[in-house]
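My questions all concern the structure below.
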Amino acid sequence: MEIILLLFIFTLAAFLGFELISKVPSQLHTPLMSGSNAISGITIVGAMISTAGTEGSMTATVIGLCALVLAAINVVGGYMVTDRMLAMFKKKGDK
């Protein structure tokens, strides 16, 4: 029964996240990306803590490691996108 509740929460969060992000105007993407990177940084810390706290449970360790890798990819990709978007506002002569 617990797995059904967890799958329901995951599905609801995925649907809600998609709906919210698709409604954001393009002018707000850079500030929201910075906020998203901060949240993903917190996710990395939480994934490290949960992975370290699961002694003996291989499934929990693998899920925690997957969360850690995906959050790290999100942080790096978010900063790359933010950097490219901010570079569009620089003058041609500025470095």
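The values are calculated or read from the model by the stated rules, or taken from the named source; none is laboratory data. This structure is a prediction, so every number in the text was calculated from the model and none was measured. FYI the Cβ positions are ideal-geometry reconstructions off the backbone, even for glycines, and counts take in every protein chain you see. Protein only, heavy atoms only, side chains kept; ligands, DNA and RNA dropped before computing areas. Shrake-Rupley method; radii C 1.70, N 1.55, O 1.52, S 1.80 Å.
Suppose we filter MET80, MET33, MET1, MET58 for residues that are surrounded by 15 or more Cβ atoms within 10 Å (Cβ to Cβ) and not hydroxyl-bearing (Ser, Thr, Tyr); which single one remains?
MET33
Give the residue, chosen from ILE39, ILE21, ILE4, that is out of contact with any Ser or Thr (no Cβ under 8 Å at 6 or more places or on another chain) and at pLDDT 80 or above.
ILE4
Out of ILE4, ILE44, I need the residue that is without any contact (Cβ under 8 Å) to a residue 40 or more places away in the chain and touching a helix residue (DSSP H, G or I) at 6+ places or on another chain (Cβ under 8 Å). Which one?
Checking each option against the conditions leaves just ILE44.
Could you pull out the residue among ILE44, ILE39, ILE3, ILE21 that is of a type in the set (Val, Ile, Thr) and over 28 Å from ASP83 (Cβ atoms)?
Step by step, each of ILE44, ILE39, ILE3, ILE21 is checked, and only ILE3 is of a type in the set (Val, Ile, Thr) and over 28 Å from ASP83 (Cβ atoms).
Kindly evaluate ILE49 against the criterion of being open to solvent by 60 Å² or more (accessible area, probe 1.4 Å), over 21 Å from PHE18 (Cα atoms), modelled with pLDDT under 85 and in a helix (DSSP H, G or I).
Spelling it out, ILE49 is indeed open to solvent by 60 Å² or more (accessible area, probe 1.4 Å), over 21 Å from PHE18 (Cα atoms), modelled with pLDDT under 85 and in a helix (DSSP H, G or I).
When the residues of segment 83-95 are narrowed to those that are among the aliphatic types (A, V, I, L, M) and out of contact with any Ser or Thr (no Cβ under 9 Å at 6 or more places or on another chain), which ends up most open to solvent (accessible area, probe 1.4 Å)?
MET88
Could you please let me know if ALA67 is free of Cβ contacts under 8 Å to residues at least 40 places away in the same chain, under 11 Å from the mean Cα position of the chain (by Cα) and more than 18 Å from PHE10 (Cβ to Cβ)?
no
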